[in-house]
Structures are given as C-alpha cells and as structure tokens.
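This report concerns only the one structure given below.
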Amino acid sequence: MGQPTPQREDGPGTGRRPLRYLLDTSFAIDYLRGTSAATRRFASVFADGDDPYVNEVVLSELAVGVDGADDPAFAAFVRALSFVQPPPEAAIRAGQWRRAASRQGRTLDLADALIAAAADALDAPILTRNRRDFALTPVEIEDY
C-alpha cells in the first residue's frame, strides 16, 4: 500500500459530462496493493475528470484488511473518493435481485447486491475485475 493517490484538480473541463464509477472492493484492493492495471485505471479516472464513488459496503470490506485512519495510503485513497449512500429503494432492488437469483438456483451475495444497487442508483458502471460477482444484476460492469 504505497501508491500515490491522484488528487482532484479544479479547472476547465473537456466539455463532456464527467462519468461516475462505483469502485468495487476488488478494484480498491488492487489499487492499494499497487497492481499496475488498477493504478493506471484510477489515474485515468482523474485525468478524464470522472468521479470515483464507493459505498459503505466497499469501505467496510476494505477496513477488514487495514488499520483505517492509521494507514496513510488507505486514508488518502478514501479522501480521493466520493461516498454514496443510496436511497431505500436501492436496498429493495438489491433484495429483489437476490430473490430472482435464488429462484434461478443461483446465489447473489448480499454485499455484491448492495454494491450493484449503489451503482444502479448512481447510474454508474462498477469498476471491477470480478465480473462474475455482478453478472446476476443489470448493472454495467467495466473491467480494468
């Protein structure tokens, strides 16, 4: 965990509307570990003027492996992000996706359903290397 975290820069945009991305835990872990594909992709999010988001599920999953505010790389990473707390309808949608998966004899993990529902509420793709985790949801998935 030692990668410098890109900082937002104010200034004139490119004229296009910034995109939103919901970062999955796998992406955040890869970034914090210095995985080159994740560090390049994260830098491009900022270079393009786009907005990276996380929700409470991603931060909670990440906190399992770090000492929180005592880890400077983790703290810097979190400061660079926007936090989303989706509305109650998103949680209901996550439950509906889990029920639909169950009826197909498949399992959609609660954490993944809530991450996908947050992305859906933002109208944002999920940035992840674990496409299979979100395949049972209608949310757009972007690999890195």
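The values are calculated or read from the model by the stated rules, or taken from the named source; none is laboratory data. What you see is a predicted model, and the numbers here were worked out from it, not measured in a lab. Because the Cβ atoms are built from the backbone with ideal geometry, glycine has one as well, and the counts that use them run over all protein chains shown. Ligands, DNA and RNA are stripped out before the accessible areas are found, and what is left, the full protein with its side chains, is counted by its heavy atoms. Shrake-Rupley method; radii C 1.70, N 1.55, O 1.52, S 1.80 Å.
Comparison of S82, S60 shows that the only residue that is polar (S, T, N, Q), open to solvent by 20 Å² or more (accessible area, probe 1.4 Å) and modelled with pLDDT of 95 or more is S82. If you go through segment 92-144 and pick out every residue that is within 20 Å of D51 (Cβ to Cβ) and among the aromatic types (F, W, Y), you end up with 2. Please verify whether I115 is of a type in the set (V, I, T) and either on the phi > 0 side of the Ramachandran plot or buried (at least 23 other Cβ atoms within 10 Å of the Cβ) (or both), treating the condition exactly as stated. The answer is yes for I115. Scanning segment 76-109 for residues that are out of contact with any helix residue (DSSP H, G or I) (no Cβ under 8 Å at 6 or more places or on another chain), within 20 Å of R131 (Cα to Cα), outside any loop (DSSP other than H, G, I, E, B) and not polar (S, T, N, Q) returns R99, A100, A101. Restricting attention to segment 110-144, the residues that are in a loop (DSSP other than H, G, I, E, B) and over 17 Å from A38 (Cβ atoms) add up to 8.
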